[in-house]
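Engineer: Submitted below is the structure of interest, expressed as structure tokens.
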Amino acid sequence: MKKDRNFNVPITSLSGSKISVFLRLTKKYGIEKRYYIRWFNSFLVSCICTIFGWFDQLVYSLKTKPKDLKDPVFIIGHWRSGTTFLHNLMCLDKEVGYPTTYQTVFPNNIFAFQWLFKPIVKILMPNKRPVDNVKLDADYPQEEEFALNNEYIFSYYNWWYFPNKIKSITDEYLLARTAQPTEVEKFKNNYKRFVKRCLMNTNGKRFISKNPPNTARIDWLLEMYPNAKFIFIHRDPYEVVRSTFDFYRSILPPLQLQTIGEEELMESILYTYSAMIEKYTLDKNRLSSENLMEIKYTDLIDNPKKIIAEIYKNLLKEDFSKIEGAIAKTIKSKHALKDYSYEKNYIDRINNSLGWIIKKQGYQLQ
């Protein structure tokens with residue numbers, strides 16, 4: 001039996017970035033002395049990836065670009081709300097394209113020398129995700145924010161590496177409150193290129209994205225893809241915050257180049273949650289009812305086959321039968337919901353920060 005591996009890699013996922021991105025970020029945010037070795041190891045790998053990336057650009061330029069594509073689908077919602085489960089199910093459709101886990105770390109090295117880098121990734125990466133034990137593999141679907149981070153500086157996931165700058169990173173790269181218009185335009189151009197590369201890499205006709213930061217980017221996504229489809233999934237905020245906090249604490253240690261206290265981490269989660277859902281609430285008015293579907297996490301867990309069938313019928317306008325067999329094979333047993341208990345101080349804090357979301361999404365205040 002394959003032994004479980006943990007996140008004990010002496011480099012960060014930023015090592016797959018272009019060297020220009022790597023140096024620009026570390027210069028902008030700084031690193032702490034205790035992480036110098038991790039930074040240096042990541043720097044060396046980034047140099048190697050950048051050199052190999054030149055060949056990747058050459059191969060990419062010679063490849064035939066995808067045509068006659070279907071409208072993309074963006075799965076959005078706060079972290080720990082079921083976005084991964086939904087994404088994995090929808091990516092069972094052989095027609096869709098998506099970012100792979102390998103591509104999210106090495107987005108600049110997918111058309112040349114992937115045969116060299118991917119085996120290394122498979123050796124180093126854990127086979128299960130911390131906290132929830134979701135299976136991981138280099139070829140599995142993954143969210144694209146890490147990949148965007150490694151292609152260009154504009155990414156909310158900069159905070160994983162520089163967590164004591166999380167507030168300013170959130171305002172600039174997630175909420176765009178302090179973002180420069182020129183940087184936003186470069187982000188959009190890079191995003192469109194990234195989507196195209198994903199489709200080419202997985203031979204897909206419809207891009208399926210699962211990326212929580214996109215919850216605050218509906219306006220940008222519509223500029224790029226005017227008829228894009230959106231699936232917003234939500235979960236009881238009491239559960240979401242607890243699960244997010246536990247998840248962040250488990251995944252931060254191998255990524256960070258700075259430290260952050262637990263109190264500051266919790267404050268940032270509440271700030272981001274409220275601001276992101278507020279922006280989504282405003283931006284979703286740009287969408288027609290035909291291009292937006294909102295679902296509850298518990299409904300997806302209780303009957304995933306029914307929810308996916310409704311997505312195909314009402315949102316995609318496609319035949320669900322082409323994916324029905326694959327879903328039935330994947331869902332062999334019902335996913336167990338975690339039973340949380342909360343202290344009064346925690347409940348009061350959630351109610352004060354997120355009470356309006358709890359009411360708006362139809363949950364009960366405790």
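Any read-out appearing in this document is the output of simple, stated calculations on the displayed coordinates, not a laboratory observation. Here the structure is a predicted model, which means the values were calculated and not measured. So basically every Cβ, Gly included, is an ideal-geometry build from the backbone, and we count neighbours across all protein chains shown.
Engineer: Within the chain, which DSSP H helices have Cα atoms that stretch 27 Å or more along the helix axis and a mean Kyte-Doolittle hydropathy of at least -1.0?
Structural biologist: Counting only whole DSSP H runs, the qualifying helices are 36-62, 262-283.
Engineer: Turning to a different aspect of this structure: Rounded to two decimals, what is the ratio between the C-alpha radius of gyration of region 48-168 and 2.2 N^0.38 Å?
Structural biologist: Ratio of Rg to 2.2 N^0.38 Å for region 48-168: 1.15.
Engineer: I've got another one for you. Going by how many other beta carbons lie within 10 Å of each one, how would you line up ARG206, ARG249, fewest first?
Structural biologist: Ranking ARG206, ARG249 by Cβ neighbours within 10 Å, fewest first, gives ARG249, ARG206.
Engineer: Ok, one more. If you place +1 on the Cβ of every Lys and Arg, -1 on the Cβ of every Asp and Glu, and leave all else neutral, what size is the dipole of region 98-175 about its Cα centre, to the nearest 20 Debye?
Structural biologist: 320 debye
Engineer: When the Debye formula is applied to the Cα atoms of region 246-335, each taken as the same point scatterer, what base-10 log of I(q)/I(0) results at q = 0.10, 0.18, 0.26 Å⁻¹?
Structural biologist: At q = 0.10, 0.18, 0.26 Å⁻¹ the computed log10 ratios are -0.49, -0.96, -1.22.
Engineer: Using only alpha carbon positions, build the gyration tensor of region 42-111, then give the equivalent ellipsoid semi-axes as the square roots of 5 times its eigenvalues, largest first, whole angstrom.
Structural biologist: Whole-Å semi-axes of the equivalent ellipsoid: 28, 20, 9.
Engineer: Pull out a ≥ b ≥ c, the square roots of the eigenvalues of the alpha-carbon gyration tensor of region 102-178, then state rounded if a/c is under 1.5, prolate if not and a/b is larger than b/c, and oblate in the remaining case.
Structural biologist: It is oblate, given that a/c is not under 1.5 and a/b is not larger than b/c.
Engineer: If you don't mind, another one. Quickly estimate the mean residue ellipticity at 222 nm for the chain, helices only: each DSSP H run with n ≥ 4 gives -39500 (n - 2.57), and the total goes over all residues, rounded to 500.
Structural biologist: -15500 deg cm²/dmol
Engineer: Further question: Tell me, what HN-Hα J-couplings in whole Hz come from the Karplus equation 6.51 cos²θ - 1.76 cosθ + 1.60 at θ = phi - 60° for each residue of region 96-104, using x for Gly and Pro?
Structural biologist: 8, x, 7, x, 8, 4, 4, 5, 5
Engineer: Further, regarding this structure: For the chain, what's the radius of gyration and Dmax over Cα atoms, in angstrom?
Structural biologist: So, for the chain, Rg and Dmax equal 19.9, 61 Å respectively.
Engineer: Sorting TYR273, TYR342 on the 10 Å Cβ count, fewest up front, what's the list?
Structural biologist: TYR342, TYR273
Engineer: Where both residues lie in the chain, what percent of DSSP beta bridges are antiparallel, nearest 5?
Structural biologist: Antiparallel bridges: around 10 percent, rounded to the nearest 5.
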